[in-house]
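Here the structure is laid out as structure tokens; the discussion comes afterwards.
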Amino acid sequence: MTIRLLGPLDVIFGDSVRCVSGMRRKTALATLALRVGEVVSTDRLIDVVWGGRSPVTAVNTLQSHISYLRRLFGACESIVTRPAGYCLEQGEIATDVQLAERLIDQARRSADASGRAAKLRDALSHWRGRPLDDLSAHPWLDEQAERLERVRLMAVNMLTDARLDLGEHASLIPELEDLTRRYPFDEAVHRQLMLALYRTGRQADALSVFHQIRSRLGDELGIAPGRSLRALEEAILHHDAALDPPVPAPVARTPNPVVPVVPVTAGHLLPVLPGQVIPAQLPAREGRIVGRLAELDQLDHAMARGRGSELPSTVILTVSGTPGVGKTALAVHWAQRVAGQFPDGQLYVDLRGFDPSGMVMDPADALRGLLDALGVPPHASPAGLQAQVGLYRSLLAGKRILVVLDNARDTAHVRPLLPGSPGCVAVVTSRTDLTPLVITEGAQQLTLGLLSPAEAYTLLAGRLGADRVRAEREAAEEIIDGCGGLPLALAIVAARAAAYPVRPLTRLAADMGSAPLDVLTGGDPATDLRAVFSWSYRSVGYDAARLFRALGSHPGPATAHHAAALTNLSVHRARLLLDELVGAHLLTRHAPGTYVLHGLLRAYAVELWRQRESEKCLPCR
């Protein structure tokens, strides 16, 4: 059994992955696993699990959590009660931290560069993201996560040195340039980049890297480069022969393999590839997501529930919500967390269902891209959409692959792209509810809500710095109130504030109060709130669009009777239009029979209504 901490926390039993439900249970297990073989006191566990705000029932509740973990492990001996607390026994239990550190130690003691590189690659493969990524913040856990990140960076540095010894200097340059941007004060990374550049004949560029870090260290930290970096500069200036690249060993050349195909069903050909194709297409994510712990747990439980059903089938999860609420960010964050449970790969496609250009991706084009990712050459792909769907599902049969279908327009947009294997999971994001997938495919729905004021404050402080937000608390709260908990709006306004660090937040708050949609634009359609809203607005029918505009001038919650009066339609027809707007997440059900507009959507609706009435410039509506 292996407890994995280098990414989202989970437990490996043989070939199966088991998730741990509940944030406090995860935190308790992580605390014990980080001190495996040692006794962790009850007081320490309670402090970490409850973040210093423990209830009077904490001891009893902790005992309940330990009992759950013992049942999960299937052996009570795994977590032993001691007079001072609890101990996770070594026994048959290992952690990915132990496995990675053991491989790093073996690499450190190896004299063979090729062997070192292999060990270090194996060690780094245990990192699946930020360590302890799905645990609640606590100073001790944050300290452990930072320590494990430092271990990873050390292993990366060791691997780079091994690859330089193997003569891979040319291929390392792009990676090292990226690392120097991410770690601008790391002298070891800059030393490696200088050496790689020098070995490719770029002496001037190598010296430029030295001058850049020397200036940065002096200007920002008031220190000079270390002895190793200065010695390398001197050696480069004198063309020291010790810097020359190693002589590569001769490599035997082999002919390119022929890729045969074998029939799988009538009319289909399944490629037999020379090596396993393991796609890893998930986009990068930006640090820790703010809030959303309940939603992440809901996705975890939905996947576990789908996999644990008596008649297992493909698990389909849908994430819908208001434009700008963070559907893609949540889906990608969760997908990165659970990627380790899908050893056969992760597929991702942006379907552009609400693209500002109107160029929605055709399912056939999306399918062709997925087949490419699975290693199917164009000549081996059958003609016709249905035949390609059959090949796609044949390739996924018996495998555990995660498929993320982002920004779908409707159910028809994604149905051909859904896998058919019980081991696969599909996550679909859309501005519409995709209810037909629930009815016909058994999909499990998650509607993403707005951030709470506290979460919005955390997001703003994280982007602008806690000191700046604290110094202008009243203005910050006005900005937060104006954004109404919409993550995209908060991100845009934070970017504008960050671009002008000396401009007071009170000025930005005043601009938000007078013309919020003028403030909430980031320079391109994806970060212009008007444009983002317009993609959903243009997806609804004529009468629904007319009702949306009219609701902008209606104060407070509206009912079907209000909607009927605003549009001169029957109450029954008005109720159907309200449901259409709710389905497009342009409107929210406030209570049974009543509906409300988000403040920023109301501002957008008012703009459209005034524009329509004064200029009549929207003939399509």
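Against the numbered list (1) touching a residue at least 60 places away in the same chain (Cβ under 8 Å); (2) part of a helix (DSSP H, G or I), S539 comes up short only at (2). Within region 147-164, does at least one residue satisfy the condition of being among the aliphatic types (A, V, I, L, M), assigned by TED's automatic domain parsing to the domain that holds G74, touching a helix residue (DSSP H, G or I) at 6+ places or on another chain (Cβ under 8 Å) and assigned to a loop (DSSP other than H, G, I, E, B)? No: region 147-164 contains no residue that is among the aliphatic types (A, V, I, L, M), assigned by TED's automatic domain parsing to the domain that holds G74, touching a helix residue (DSSP H, G or I) at 6+ places or on another chain (Cβ under 8 Å) and assigned to a loop (DSSP other than H, G, I, E, B).
Only residues that are in contact (Cβ under 8 Å) with a residue 24 or more places away in the chain and part of a helix (DSSP H, G or I) were counted across region 133-146, and they come to 3.
How many residues are among the acidic types (D, E), assigned to a helix (DSSP H, G or I) and either crowded, with 21+ Cβ neighbours inside 10 Å or over 27 Å from the mean Cα position of the chain (by Cα) (or both) if we restrict to region 462-487? Don't jump to the end; show me each part of the working.
First, the residues of region 462-487 that are among the acidic types (D, E): 467, 472, 474, 477-478, 481.
Narrowing the set further to residues that are assigned to a helix (DSSP H, G or I) leaves 467, 474, 477-478, 481.
From what is left, the residues that are either crowded, with 21+ Cβ neighbours inside 10 Å or over 27 Å from the mean Cα position of the chain (by Cα) (or both) are 467, 474, 477-478.
The qualifying residues number 4.
Considering region 329-351, the residues that are of a type outside the set (A, V, I, L, M) and not in a helix (DSSP H, G or I) include one that is nearest to R409 (Cα to Cα), namely D350. Of the residues that make up region 11-27, is at least one crowded, with 21+ Cβ neighbours inside 10 Å and over 24 Å from G306 (Cα atoms)? Among the residues of region 11-27, at least one is crowded, with 21+ Cβ neighbours inside 10 Å and over 24 Å from G306 (Cα atoms), which makes the answer yes. Considering region 95-112, the residues that are crowded, with 17+ Cβ neighbours inside 10 Å and over 21 Å from F13 (Cβ atoms) include one that is farthest from the chain's Cα centre (by Cα), namely A107.
When you scan region 581-593, how many residues do you find that are surrounded by fewer than 17 Cβ atoms within 10 Å (Cβ to Cβ) and in contact with a helix residue (DSSP H, G or I) (Cβ under 9 Å, 6 or more places away or on another chain)? If you could, list the steps in order and put the result at the bottom.
Initially, region 581-593 is screened for residues surrounded by fewer than 17 Cβ atoms within 10 Å (Cβ to Cβ), giving 582, 589-593.
With in contact with a helix residue (DSSP H, G or I) (Cβ under 9 Å, 6 or more places away or on another chain) added as a condition, the list becomes 589, 593.
Number satisfying all stated conditions: 2.
Which ones in region 488-536 are of a type in the set (F, W, Y) and in a loop (DSSP other than H, G, I, E, B)? Once the filter is applied, which keeps residues that are of a type in the set (F, W, Y) and in a loop (DSSP other than H, G, I, E, B), region 488-536 yields only Y500.
The values are calculated or read from the model by the stated rules, or taken from the named source; none is laboratory data. Quick caveat: nothing in here was measured; it's all calculated off a predicted structure. Virtual Cβ from ideal backbone geometry, glycine too; neighbours counted across all protein chains shown.
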